[in-house]
Structure formats: structure tokens, C-alpha cells
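Take a look at the structure set out below.
The values are calculated or read from the model by the stated rules, or taken from the named source; none is laboratory data. Keep in mind that what you see is a predicted model, and the values were worked out from it rather than measured. Cβ sites come from the backbone with ideal geometry, for glycine too, and all protein chains shown count toward neighbours.
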Amino acid sequence: MAEPLNLLALRFLMCAACMAGSPLSTVAAENLADPTRPPSTLAVTGSTTDKTADVPVLQSVLISPYRKVAVINGEALQVGDRLDDARVSRIAEAEVVLVRGGRTQTLKLFPGIEKRRTQNGATAKAHKRQQ
């Protein structure tokens with residue numbers, strides 16, 4: 001069945017208004033969150049170039065067969081490099097160990113996430129294989 005002419009005209013006008021950026025479509029777009037924006041828990045407070053930052057923040061870890069690089073407070077560091085008065089001791093997939101005056105400090109890439117074993121003691125990966 002064909003739609004009445006008035007209904008087709010109304011649909012056309014509604015589509016044209018959306019395409020033209022009508023105020024209604026702009027208001028709706030302003031309330032949407034940006035899906036590409038990183039979660040606020042990963043945001044670094046303050047300037048990353050500020051050398052007086054009290055707490056070093058591990059932002060990224062890059063591992064290849066030829067080198068390991070950690071990005072801490074916006075600075076790319078390798079094992080042995082210094083960050084203020086600390087020395088990078090170890091770089092792993094999800095953490096970096098700093099040594100400062102004989103004391104170690106472990107920076108986690110995902111500080112709120114911990115790896116745990118299942119109830120029967122197997123890791124989650126091994127548990128999935130059994131199913």
C-alpha cells in the first residue's frame with residue numbers, strides 16, 4: 001500500500017531538517033557522550049610535563065623483541081633510565097618497577113584491576129579451555 005502524500009511529505013521534511021542540522025538534532029547531539037574518550041579513571045591530573053609531580057603515573061608500556069619502553073608522566077623511559085630521583089628497574093606487560101634510594105615502587109598500568117584465580121585454583125584462561 002502506498003502512503004498518503006501528506007505522510008511522505010512529512011517524512012521528507014523531517015529527514016531534511018535532520019540533515020540540515022536543525023536545533024533539535026544539535027541539542028540531542030550535545031547530550032551524547034564521546035565513545036572514543038578514555039575513561040576518567042585513566043586521566044592524569046595536572047600537567048604531564050611538570051617535573052614536580054609527586055606521584056608518577058604509568059600511562060603505557062611498549063614491548064617488542066628488541067626493546068621495552070614505559071611511558072611515565074608523558075616521558076618514554078627504558079630500563080636503567082632515571083625519572084627524577086628514581087631509576088627504572090624492570091618493565092613488564094602491565095607494570096613498571098622503580099627503585100628510589102633502595103626502596104622499590106611498582107607502578108601498575110591498570111591499578112584497579114587485579115588478576116585472581118578461580119575457586120578451583122585454575123586461571124580463567126585454563127577454565128575456559130575446559131568448557
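Number of residues in segment 77-115 that are touching a residue at least 40 places away in the same chain (Cβ under 8 Å) and under 18 Å from the mean Cα position of the chain (by Cα) equals 4.
Considering the conditions (1) modelled with pLDDT of 60 or more; (2) in contact with a Ser or Thr (Cβ under 8 Å, 6 or more places away or on another chain), S64 is excluded by exactly one of them, (2). Taking segment 52-100 as the range and being in a loop (DSSP other than H, G, I, E, B) and among the basic types (K, R) as the test, only R67 passes.
Take the residues in segment 82-97 that are in contact with an Asp or Glu (Cβ under 9 Å, 6 or more places away or on another chain) and farther than 23 Å from G112 by Cα, then tell me which one is surrounded by the fewest Cβ atoms within 10 Å (Cβ to Cβ). Per the stated criteria, the residue is R87. In the condition set (1) in contact with a Ser or Thr (Cβ under 9 Å, 6 or more places away or on another chain); (2) modelled with pLDDT under 90; (3) within 19 Å of S60 (Cβ to Cβ), E95 is compliant with all but (2).
Yes or no: T49 hydroxyl-bearing (S, T, Y), assigned to a helix (DSSP H, G or I), modelled with pLDDT under 90 and exposed (fewer than 13 other Cβ atoms within 10 Å of the Cβ)? Against the criterion (hydroxyl-bearing (S, T, Y), assigned to a helix (DSSP H, G or I), modelled with pLDDT under 90 and exposed (fewer than 13 other Cβ atoms within 10 Å of the Cβ)), T49 does not qualify.
Of all the criteria given as (1) among the β-branched types (V, I, T); (2) modelled with pLDDT of 90 or more; (3) out of contact with any strand residue (DSSP E or B) (no Cβ under 6 Å at 6 or more places or on another chain), the one not satisfied by T123 is (2).
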